[in-house]
Amino acid sequence: LAQDGITSVCLVTDIGKVNDGTFNQFAYEGMMMAVDEFDLETTFIETTAQTDYDANITTCVDEGFEAIVTVGFMIEDGTYTAAGANPDVFFIGVDQGFWGKDPLDNLVGIQYREDQAAFLVGAMAAMLSESGTIAGVYGIDIPPVVKFRNGYEQGAKYVNPDIELMGVYIDSFTAPDRGAAAAEQFMGEGADVIFGAGGPTGSGGIKRA
């Protein structure tokens with residue numbers, strides 16, 4: 001950003017906060033590292049509902065920020081629309097690929113290999129498990145979360161083809177109590193390793209374990 005002469009950045013989180021222990025926090029911490037290195041003016045907006053995505057991006061535009069970082073797969077459409085309507089503002093979409101959309105000069109998407117990282121976790125889970133049963137607690141089954149689950153389960157089966165796998169998608173990213181309840185149920189059914197992915201919901205499962 002600094003190389004392009006950009007001096008101000010606005011971050012819009014997915015549903016959650018900049019200290020919630022999820023990708024929202026990691027994106028915020030990355031921005032703050034850039035602040036220290038490139039002397040950027042920054043602010044952030046914490047999204048509380050999916051209906052707020054567009055309004056939050058618009059707030060960043062209206063306040064004159066030269067670059068806007070949006071976090072999460074769910075905000076992808078809003079990011080693309082805003083980038084098309086504001087060609088003088090640079091947009092970065094974290095965990096967004098913009099597949100099937102025409103490329104824009106002021107827009108870049110950053111995606112990760114969730115399946116590869118989760119494969120390693122699954123392999124470790126299979127090696128650590130003494131019961132031969134492991135489980136996963138997941139938020140909404142959007143593509144990045146599905147990749148996490150698939151990688152985790154494939155990694156476990158690579159190490160132990162006979163491993164017993166349990167898992168559940170929960171229709172919210174912000175339900176740590178439901179994630180904890182799912183982990184509790186899986187542990188009651190014999191799982192001795194719990195993996196979590198998909199916002200505070202997955203984190204709730206990990207914390208309960």
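Worth pointing out:
- Residues of segment 25-53 classified as outside any strand (DSSP E or B), open to solvent by less than 80 Å² (accessible area, probe 1.4 Å), in contact with a helix residue (DSSP H, G or I) (Cβ under 9 Å, 6 or more places away or on another chain) and farther than 11 Å from GLY72 by Cβ, total: 2
- Positions within segment 127-160 being surrounded by fewer than 17 Cβ atoms within 10 Å (Cβ to Cβ), among the charged types (D, E, K, R) and farther than 16 Å from GLY199 by Cβ, in sequence order: GLU130, LYS157
- Looking only at residues of segment 94-141 that are among the charged types (D, E, K, R) and within 30 Å of GLU189 (Cβ to Cβ), we find that the one that is farthest from the chain's Cα centre (by Cα) is GLU130.
- Pairs, first within 20 Å of ASP14 (Cβ to Cβ) and assigned to a loop (DSSP other than H, G, I, E, B) in segment 61-72, second open to solvent by less than 20 Å² (accessible area, probe 1.4 Å) and not hydrophobic (A, V, I, L, M, F, W, C), C-beta under 6 Å, six or more apart: PHE65/SER8; GLY72/ASP14
- Single residue of THR58, THR22 found to be at pLDDT below 95, in contact with a helix residue (DSSP H, G or I) (Cβ under 9 Å, 6 or more places away or on another chain) and either surrounded by fewer than 22 Cβ atoms within 10 Å (Cβ to Cβ) or closer than 22 Å to GLU114 by Cα (or both): THR22
- So ASP171, is it out of contact with any strand residue (DSSP E or B) (no Cβ under 6 Å at 6 or more places or on another chain), among the charged types (D, E, K, R), open to solvent by 80 Å² or more (accessible area, probe 1.4 Å) and closer than 15 Å to GLY196 by Cα: yes
- Qualifying position, being in contact (Cβ under 8 Å) with a residue 24 or more places away in the chain, in a loop (DSSP other than H, G, I, E, B), under 16 Å from the mean Cα position of the chain (by Cα) and farther than 30 Å from ALA156 by Cα, among VAL18, VAL12: VAL18
- Between SER131, SER172, the distinction of being outside any helix (DSSP H, G or I), of a type outside the set (Lys, Arg), out of contact with any helix residue (DSSP H, G or I) (no Cβ under 9 Å at 6 or more places or on another chain) and touching a residue at least 24 places away in the same chain (Cβ under 8 Å) belongs to SER131 only.
The values are calculated or read from the model by the stated rules, or taken from the named source; none is laboratory data. This is a predicted model, so every value here is computed, not measured. Every residue, glycine among them, receives a Cβ derived from its backbone with ideal geometry; neighbour counts consider all protein chains shown. Surface accessibility is based on the protein's heavy atoms, side chains included, excluding ligands, DNA and RNA. Shrake-Rupley method; radii C 1.70, N 1.55, O 1.52, S 1.80 Å.
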